[in-house]
Amino acid sequence: MKTIPFLITIDTEGDNLWQSQAEVSAHNARFLPRFQQLCERYGFKPCYLTNHEMATDADYQAFARDAIARGTAEVGMHLHAWNSPPAHPATDRGGQAQAYLIEYPREIMRAKIDFMTKLLEDTFGVKMLSHRAGRWAFNETYAGLLLEYGYRVDCSVTPHVDWSATPGATAGGTDYRAFPDRAYFVDPADISKPGASPLLELPMTTRPKYAPWVQALKTGADRLRGKHRPASIVWMRPRGGNAKQMMALADQRLAAGADYVEFMLHSSEFMPGGSPTFRDEAAIEGLYADLEQLFEHLAARFEGLTLAGFHQRLTAAAGS
């Protein structure tokens, strides 16, 4: 019997946000049905973590409402603070800096979470339970606000990854190197530790590419050359031609007793030209070839579950 969930998280956002744009388009919504059909063929249930421009796109609205009605997907919240209302020009800076939400004053953080939560719930007619922070930036203030608005799952933590050198408007992102790599209920006073809150953290499935001593040698060599490069991390995320690497990561996590494996991709990466990685139709076909291999490999040992469904399972088991 399959008991290990395969959690599919899609950062559902505008087209090619890796490039600065005066206006953000959402054409990639038209390319999501193919991915959804693939997931359903294998019994997997994506969570579409949705930001502002996608939530207001008619094509995406129709797609997501249909999946929700059939019970084959979940919609959650993904907040890009720099272009999500209400505006706060002092920090938004016209969107050019792609400010982290954690850089805003608390009252502005709350106002942006309030706006997005209500927009998503009014649009899709379901309670928002799952969330991922824009650009992976999360802290205790953010966690407390999610709890205030009734969220039950966060998946912003990326174990082994330090985002502090990745700038926002005024500062870097969150350093997750000391965070757990398994599911845990968050301590609101210290989000790196398990606690008694109802907010379940589901960290991304990642692992260091090299053994610690090898990485130390590489880091030391970089310092001698005057370079600073982050540690090499393997993600459960398509990069083009990395199906075997993702399968090996899933196998390694399963052998280590992991309670789930979590996959991620951006919605725009399903559209030719929607990302730097998948630039044309040939690259998209390569992506789907990788996904077919990965899903076929996982299908016998993993089951499809939404993020909220995983939370419900854990809390039911704890109460039994």
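The values are calculated or read from the model by the stated rules, or taken from the named source; none is laboratory data. Computed from a prediction, not measured in an experiment: that's the story for all the values here. Positions of Cβ are generated from backbone atoms using ideal geometry, with glycine treated the same way; all protein chains shown enter the neighbour counts.
A few notes on this one:
- Qualifying residues in segment 2-15 (those that are in contact with a strand residue (DSSP E or B) (Cβ under 9 Å, 6 or more places away or on another chain) and not in a strand (DSSP E or B)) - the one modelled with the lowest pLDDT: K2
- Check on E53, acidic (D, E) and under 28 Å from A143 (Cα atoms): yes
- Top-ranked residue of segment 263-302 - restricted to ones that are in a helix (DSSP H, G or I) and charged (D, E, K, R), ranked as surrounded by the most Cβ atoms within 10 Å (Cβ to Cβ): E269
- Count of residues meeting criterion [under 27 Å from L101 (Cα atoms), more than 16 Å from the chain's Cα centre (by Cα) and in a loop (DSSP other than H, G, I, E, B)] in segment 30-78: 2
- Screening the candidates K118, K127 for the property of being surrounded by fewer than 16 Cβ atoms within 10 Å (Cβ to Cβ), among the basic types (K, R) and free of Cβ contacts under 8 Å to residues at least 12 places away in the same chain yields one hit, K118.
- Tabulated pairs, segment 158-186, first β-branched (V, I, T), second assigned to a strand (DSSP E or B), C-beta under 7 angstrom, 6+ apart or interchain: T158/T206; V161/T206; V161/I233; T166/G172; V186/E201
- When we screen K112, K127 for residues that are in contact with a strand residue (DSSP E or B) (Cβ under 7 Å, 6 or more places away or on another chain), among the basic types (K, R) and modelled with pLDDT of 95 or more, the only hit is K112.
- Of the candidates K218, K244, the single residue that is outside any strand (DSSP E or B), over 21 Å from the mean Cα position of the chain (by Cα) and modelled with pLDDT of 90 or more is K244.
- All conditions in (1) closer than 25 Å to L17 by Cβ; (2) crowded, with 22+ Cβ neighbours inside 10 Å hold for L305, with the sole exception of (1).
- Restricting F278, F263, F310, F302 to those that are in contact with a strand residue (DSSP E or B) (Cβ under 8 Å, 6 or more places away or on another chain), modelled with pLDDT of 95 or more and within 20 Å of A29 (Cα to Cα) reduces the list to F263.
- Beta carbons closer than 7 Å, at least 6 apart along the sequence or on distinct chains, pair a first residue in segment 237-253 that is closer than 20 Å to H266 by Cα with a second that is of a type in the set (V, I, T) for R239/T277; G240/T277; Q245/V234; L249/T205; L249/V234; A250/V261.
- Selection within segment 167-184 - surrounded by fewer than 19 Cβ atoms within 10 Å (Cβ to Cβ) and within 27 Å of V75 (Cβ to Cβ): P180, D181, R182
- Close pairs from segment 88-109: first outside any loop (DSSP other than H, G, I, E, B), partner surrounded by 19 or more Cβ atoms within 10 Å (Cβ to Cβ) and basic (K, R), Cβ under 9 Å, at least 6 apart: L101/K112; L101/R135
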